[in-house]
Structure formats: structure tokens, C-alpha cells
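Have a look at the structure below, then the notes.
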Amino acid sequence: MGVTGAPGPVMDRDEVDRALARLGAEHEAIETSLLALQDHAGRRLLEGAELTGTTKERWTSADASITLLWAYFDAYSDAFRSARDIRSRRRWSSREDLVELTELLRGECVTVAGSAAATANAPTLHGTGKLSERYSLAGLVERMNELYATSLDMVVTSDAVWSALPARIDLLAAELQRTRQLAHSVGVRPGEHPAGDDLERITRTLTALREQVISDPLAFWLPAQGSSAPGGGRPDTTVYDREARALEDVRREIDAVLTVRQDAEARLVKLRDVLSRADRTLAEARSARGEVLAKIAASEVPAVSGPPTALQEQLSTASEYRRHAQWHRLSPLLESLEAKAEDELMRARESLTAVTQPLAVRAELRGRLDAYRAKVARHGLAEDPLLIERYDAARRMLWSAPCDLRVAEQAVLRYQQAAAEFFGGPRVPGQAGPDDRRGEY
């Protein structure tokens, strides 16, 4: 839509012809714009929808503005035709004709009479409640531009929301329905599994969201900052995006349940194996503890706990869940059992290590004693009486039961010290050398 020239002195014939040419082009452009607005899909949807909230309020005003626009256009068209008729009276317009044309083209000579309903709901140039207004052609075009921009913005934004959100909601609802069927097949139902409750909540939210979008699309529009063009902005998809993410989370959880259904037997077999190894390790630890108590003196041996009956009971429960295809219950139980079973096996191994520590110390002392004896033999000192005496003393302590590890260790150190003195090397740490190599043992 354009704007005509400003008022001025009496126009000559050339100015009138140029003004009429502009008016003709302008009249065609305005008519085209109004017809496009009238046929706009968004406007037709607004006319047939049961609107609420912001959209209802703005459509009441926009609908009245569109009605007023046509009234303004009719008045504009009448004034244009009148000016064209005056100009066509004669080839060379008289001064009286030019004065009349100047007044018509530049003065406030257009009176617009509107209905009470239209003028009450549509904003007017001089306030509300007036049943008629006077405009110049330029002022009338400016007024039409204002009403057209606000009406088009309302129609375009509503249509943009309706074009974007309901279709996306419907697609998500279809995906939701497929997910619900899949969830039902693996026992994920409302009240029995959190994912089933989430599906119900998402269903309610999407249903309400679609109803709100259909009845109040402008509530879901985010205007572009700094933009004055009609339809500047984008649909607000915050709620839709949140529910889409929630549905994806549920789908991943259901996929995990499906995975459980596929490999449940293999995981149960592995669990039984881990728990069996833990039981065997604990049994070995209990047996080793008895051996340590019998063979090692003055040693604190930790107690060994019994087999984890609670885990065995949970394993039986897991087998029952699998037998009755209760996959949604089996999934979290298997995850918990797998972690606990690995912890139990680790605990059993640590218990065995702690119980057999004294035997490991004794074995280490025996190995050290034999290693030094071999070294003594390589140096040709195997028949030395002192070394024989100290070796025999250490050996008796290490190969007798119960063995006092502290005393046995001192005996091994004495043998090492004596051997070191023969070799001429440094003393063995942790044991002072004897003043007399032939002294008392």
C-alpha cells in the first residue's frame, strides 16, 4: 500500500493526471492486498475456530478492522472514481474542475461511515465510538496501512502457529501411541512402572497443548526482537520440546527393558557364575582360616562371613520375573544384582587374601631361607657349623606347627646376617650382628 501526495495550491492539469495515475496504481495494489487478506487461510481458520484468550481478544479487534478496511476502501474507491469522472468531463479541465479535483485529491473530503460494531471493536484515528470519520485520500491510505498491518500480523502469526505446532504435536502423539503399545508389551504400565506414569503424563500434556494451540495460537508466539514486519517471530515450542525429550527418555528406558528381555538368560547365567565363584572363594577362605589357625601361632586371623543368602534370594526373584515375563521388574533388579555380585566376589577375594596372609608370610620366609642356603653352598660354606646351626634353627621354626612367624623371622634374619658376614657384604637390615660369631643362638 502507498501514500498520495501532500496538500498544496490548486493543481494544474499535469499534476492532476499524475495524481490520478498514482491513485489508479495505488487502488489496484490496495485491492490486491485486501483480497489476499480476505482469502488468507489463516483468516478463514480464525473465522471458523472457537477461540480463547489472547487470540479471541485480538481477533475480535482484527475482524472489526478488516470490516472497517473494506469500508475505507469503498470510500477510497468512490473518491477515486469521482475524481476520474471530473477529469474525464473535458479534455482541457476548467479552473473550476481543477479546484474541485484539488480539493478531492488533497483535502479531507472523504467521509467514512462505519457500523457501530465495527467502530467499537476496531481502533480509529480520532478515538473510539465515532460512527463516521473524515479523511484526505493520503490520510485514508495511511489509516488503511495501519489497520492492514495489524490485521495481517494477527492472521499471519496465528496461521504460522497452526501450521507448525498441531502437525508436530500429532506426529509426536503418533510416536507416543507406538511407544505406549511397545511399553505395554513389556509390562510397562501406569502405576506399575515410572515410565508408564511418564507416558500417561505426556499424553495428558500433549492433549491439553493441542487444544490450547488450536483455541489460542497467539499464546504460543514469540515476536522477533526489533522486528515490525507482520509475522515477525516464531512459534513457541518450549512445551512441545520438553515433552519430546521426555518421550525420548521413556523410549530409551523401554529399549533397555527390551534389551533385558533379549539377554536376560545370559545375564542370569553370568550372575549365578559370579555368585558361585564368590561362594567357592569364601569356602576356600574358611578352609584356609582353619589351616592358618592350626599352623600359625600368635597370629590374628580375620573371621570369614557366610555366603550372601540375600543375593541368592534376589537371584531367585529375578528368575521368577523372567519366567513370568515381568521385564520391567527384571531390568532394575538385574542391574542391581550385577553390581552387588561383583562387589561380593571382590569381598570374598579380599577375605581370602587377608586370611592367607600369614601363610604367604611363612612361604616368603621359607623361600628366603632356602635362597640364602643355596648362596651359602655356592660359596663353599655349607659345612660351616654356625651357619648349619642357624639354618637348622630357622628351618625347625618354619616347618613346625604352630609356627611363630615373629620368632621365625628373627631366626631367618640371624641366618642371613651370619651368611652376610662370611660373604663380607653389608649387614642384613633389621638385625644387629653378634659380638661373637660363635656365641649363643
Q) Out of all the residues in segment 74-108, which are crowded, with 19+ Cβ neighbours inside 10 Å and either under 60 Å from the mean Cα position of the chain (by Cα) or not in a helix (DSSP H, G or I) (or both)? A) Ala75, Tyr76, Ser93
Q: Working only within segment 186-199, note down all residues that are in contact with a helix residue (DSSP H, G or I) (Cβ under 9 Å, 6 or more places away or on another chain) and either surrounded by fewer than 16 Cβ atoms within 10 Å (Cβ to Cβ) or modelled with pLDDT of 95 or more (or both).
A: Gly191, Glu192, Pro194
Q) Does Ser227 satisfy the criteria of being modelled with pLDDT under 90 and open to solvent by 60 Å² or more (accessible area, probe 1.4 Å)? A) no
Q) Which of the following residues is within 49 Å of the chain's Cα centre (by Cα), loosely packed, with under 15 Cβ neighbours inside 10 Å and either of a type in the set (Gly, Ala, Ser) or farther than 23 Å from Val355 by Cβ (or both): Ala283, Ala266, Ala278, Ala294? A) Ala266
Q: Return the residue satisfying two criteria in turn: it lies in segment 297-314 and is within 29 Å of Ala401 (Cβ to Cβ) and among the β-branched types (Val, Ile, Thr), and of such residues it is surrounded by the most Cβ atoms within 10 Å (Cβ to Cβ).
A: Val304
**Q.** Criterion: of a type in the set (D, E, K, R) and under 20 Å from the mean Cα position of the chain (by Cα) - qualifying residue of Asp153, Asp197
**A.** Asp197
Q) When the residues of segment 328-368 are filtered to those that are open to solvent by 70 Å² or more (accessible area, probe 1.4 Å) and among the acidic types (Asp, Glu), which remaining residue is farthest from Leu275 (Cα to Cα)? A) Glu364
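Do we find that Val161 is open to solvent by 30 Å² or more (accessible area, probe 1.4 Å) and modelled with pLDDT of 90 or more in this structure?
Numbers: open to solvent by 30 Å² or more (accessible area, probe 1.4 Å): no; modelled with pLDDT of 90 or more: yes.
No, not satisfied.
Of a type in the set (D, E, K, R) and over 20 Å from the mean Cα position of the chain (by Cα), is that true of Asp236? Explain how you work it out, then say what you get.
Details: of a type in the set (D, E, K, R): yes; over 20 Å from the mean Cα position of the chain (by Cα): no.
No.
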Q) Which residue out of Val274, Val376 is of a type outside the set (Gly, Ala, Ser), part of a helix (DSSP H, G or I) and under 30 Å from Ala419 (Cβ atoms)? A) Val376
Q: Filter segment 284-314 for residues that are outside any helix (DSSP H, G or I), touching a residue at least 40 places away in the same chain (Cβ under 8 Å) and among the hydrophobic types (A, V, I, L, M, F, W, C) and give the result.
A: Ile296, Ala297, Ala298, Val301, Val304
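Take the conditions touching a His at 6+ places or on another chain (Cβ under 9 Å) and open to solvent by 70 Å² or more (accessible area, probe 1.4 Å) and apply them to Arg323. Does it pass? Reasoning before the result, please.
Details: touching a His at 6+ places or on another chain (Cβ under 9 Å): no; open to solvent by 70 Å² or more (accessible area, probe 1.4 Å): yes.
Taking the combined requirement at face value, the residue does not satisfy it.
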Q) Which pairs do you get when a residue that is modelled with pLDDT of 90 or more and part of a loop (DSSP other than H, G, I, E, B), found in segment 40-61, comes within reach of a residue that is open to solvent by less than 70 Å² (accessible area, probe 1.4 Å) and not charged (D, E, K, R), reach meaning Cβ atoms under 7 angstrom, with the pair 6+ apart or on two chains? A) His40/Val155; Glu50/Ser215; Leu51/Trp59; Leu51/Ser215; Thr52/Ser215
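Has segment 110-117 got any residue that is modelled with pLDDT of 90 or more, in a loop (DSSP other than H, G, I, E, B), within 30 Å of Thr157 (Cβ to Cβ) and open to solvent by 60 Å² or more (accessible area, probe 1.4 Å)?
Step one: filter segment 110-117 for residues modelled with pLDDT of 90 or more, giving none.
No: segment 110-117 contains no residue that is modelled with pLDDT of 90 or more, in a loop (DSSP other than H, G, I, E, B), within 30 Å of Thr157 (Cβ to Cβ) and open to solvent by 60 Å² or more (accessible area, probe 1.4 Å).
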Q: Looking at (1) in a loop (DSSP other than H, G, I, E, B); (2) surrounded by 19 or more Cβ atoms within 10 Å (Cβ to Cβ), find the lone condition where Tyr240 falls short.
A: (1)
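The values are calculated or read from the model by the stated rules, or taken from the named source; none is laboratory data. On a predicted model such as this, the values are computed, not experimentally measured, just so you know. A quick note on method: Cβ atoms are made from the backbone with ideal geometry, for glycine too, and the neighbour counts reach across all protein chains shown. The accessibility values were calculated without ligands, DNA or RNA, using every heavy atom of the protein model including side chains. Shrake-Rupley method; radii C 1.70, N 1.55, O 1.52, S 1.80 Å.
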